[in-house]
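Please treat every number below as a calculation from the coordinates, not as lab data. These numbers come from a predicted model, not from an experiment. Cβ sites come from the backbone with ideal geometry, for glycine too, and all protein chains shown count toward neighbours.
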Amino acid sequence: MLGLKLPTDPRWVNLAEKDLEEILTDHAYCEQKAATSCISLIQMYPENIEMVRKLAPIVTEEWGHFRLVLSELEKRNLTLGRQRKDEYVNELIKFEKKGGSRENRLLEKLLIFALIEARSCERFRLLSLHLEEQELKDFYHRFMVSEAGHYRLFIDLANMYFGEERVRARWKEYLEHEAKILESLEVRGDRMH
């Protein structure tokens, strides 16, 4: 369904499980950034009424996810650490076509957001299947389902505004580039991406 070209290295879950405070911290900030990214799209493209209508509840949902992860940290007597640079997202942004029309920039943003959600969904699925603790497996299963819906929403919005053929061609380029990014990054258990 997600179309990712390269699966996550199987060692990632084991590394993530060794330091839950770090992975939960990074997860919390990913949820916060997802909320602010949707807010930014709404601010930059208020004339895209259908997009604004569909993203507004996602802002609330993502912020709710941030709060859920904070609660999970608290429940485990862990603390929210500092936000770190997301090398994966930064590499995706470097691939974004710069300049051009506002509309072209919107397409790039929608596809980047879709890809981040797709990779998050894949990682949440791995956590939901392979963590030792059942409660944490269930916790991540719920996030997996949500991220799959967000990934689909961003792709659907791109298709609605730009047409399936154009979206499919650029999406393929993003998927191929994203696989190269994954190959180049160190496998780390303290990062969601």
inquiry  = If the reach is capped at under 25 angstrom between alpha carbons, list the lysines near residue 109, excluding any in the same chain fewer than eight residues apart.
reply    = 5, 33, 54, 85, 94, 97, 98, 172, 180
Computed over the chain, the ratio Rg/Rh where both radii use C-alpha atoms and Rh is Kirkwood = 0.96
key: the range 74-179: proportion of alpha-carbon pairs further apart than 23 angstrom, %   = 39
key: DSSP-loop GluC sites (Glu not before Pro) across the range 157-187, with at most 10 other Cβ within 10 angstrom   = 186
message = Which of 192, 160 has the fewest other C-beta atoms within 10 Å, and how do the rest follow up to the most?
response = 160, 192
note = Distance in nm between residue 105 and residue 132 label points, each 7 Å along Cα→Cβ, equals 4.9
note = So the angle from the long Cα axis of helix 49-75 to the longest Cα principal axis of the chain, reported in degrees to the nearest 10, equals 10
ask   = Based on the Cβ-Cβ distance from residue 179 to residue 97, what FRET efficiency comes out when R0 is 25 Å, to the nearest 0.05?
value = 0.85
